[in-house]
Amino acid sequence: MKKVLVVVDMQNDFLTGALRNEEAIQVAQYVKSKIEEAKKAGETIIFTRDTHAENYMETEEGKNLPVPHCIKGTYGWEIIDELNAGANASLIIDKETFGSKDLAEYFKDHSDDIDEVEFIGVCTDICVISNVLLTKAMIPNKKIYVDAAGCAGVTKEAHDTALAAMKACHIVIENQGKEIWR
């Protein structure tokens with residue numbers, strides 16, 4: 001059985017930078033342990049990286065979320081050091097918006113080699129849910145699940161709402177209620 005672990009947007013700007021999130025900071029060690037387990041098991045590990053250009057404020061997203069963040073090449077854009085993405089990632093996918101068409105295409109192209117996909121990361125209610133649902137659309141007959149203990153939303157309520165929405169779309173939700181920040 002081939003499993004893929006997707007680590008969504010564990011970047012400096014989402015933890016301690018422009019869009020600082022206390023819950024995301026708290027899940028970082030759990031995410032690190034999940035990556036270590038996946039690496040030991042020989043799983044494919046994919047990191048996504050929110051990636052914007054200097055003109056971010058002129059984009060549709062920038063007009064709706066007017067906080068410059070994850071500008072390519074900046075410290076805030078980098079995946080947090082403790083996850084050691086350079087050594088642990090099988091693949092890093094830069095994405096210009098919430099959901100990644102490149103990630104979805106990866107799953108479509110490799111669907112015969114994949115049995116299940118697990119998601120962790122931030123923000124549950126924006127980028128995690130977007131990528132989970134795109135993946136479900138590409139590989140609808142594969143097990144896709146989210147480890148809630150490895151996720152954090154913009155707010156606790158938004159995190160729970162996103163988990164409920166994913167569950168309604170037949171995504172398996174694990175460890176809900178066991179988040180360290182609860």
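Couple of notes before you dig in:
- The one condition in (1) hydroxyl-bearing (Ser, Thr, Tyr); (2) modelled with pLDDT of 95 or more; (3) surrounded by fewer than 19 Cβ atoms within 10 Å (Cβ to Cβ) that Tyr56 fails to fulfil: (3)
- Residue in segment 10-19 that is over 19 Å from Glu118 (Cβ atoms), without any contact (Cβ under 8 Å) to a residue 12 or more places away in the chain and not in a loop (DSSP other than H, G, I, E, B) present: no
- Total residues in segment 86-109, condition of a type outside the set (Phe, Trp, Tyr) and in contact (Cβ under 8 Å) with a residue 40 or more places away in the chain: 11
- Hits in segment 128-143 (condition: surrounded by fewer than 24 Cβ atoms within 10 Å (Cβ to Cβ) and either over 10 Å from the mean Cα position of the chain (by Cα) or in contact (Cβ under 8 Å) with a residue 60 or more places away in the chain (or both)): Leu133, Leu134, Lys136, Ala137, Met138, Ile139, Pro140, Asn141, Lys142, Lys143
- Single unsatisfied condition, Gly121 versus (1) within 12 Å of the chain's Cα centre (by Cα); (2) surrounded by fewer than 24 Cβ atoms within 10 Å (Cβ to Cβ): (2)
- Residue list for segment 13-56, filter: among the polar types (S, T, N, Q) and over 27 Å from Glu105 (Cα atoms): Thr16, Asn21, Gln26, Gln29, Ser33
The values are calculated or read from the model by the stated rules, or taken from the named source; none is laboratory data. In this text, all values refer to a predicted model and were calculated from it rather than measured experimentally. Glycine also receives a Cβ, built like all others from the backbone with ideal geometry; neighbour counts cover every protein chain displayed.
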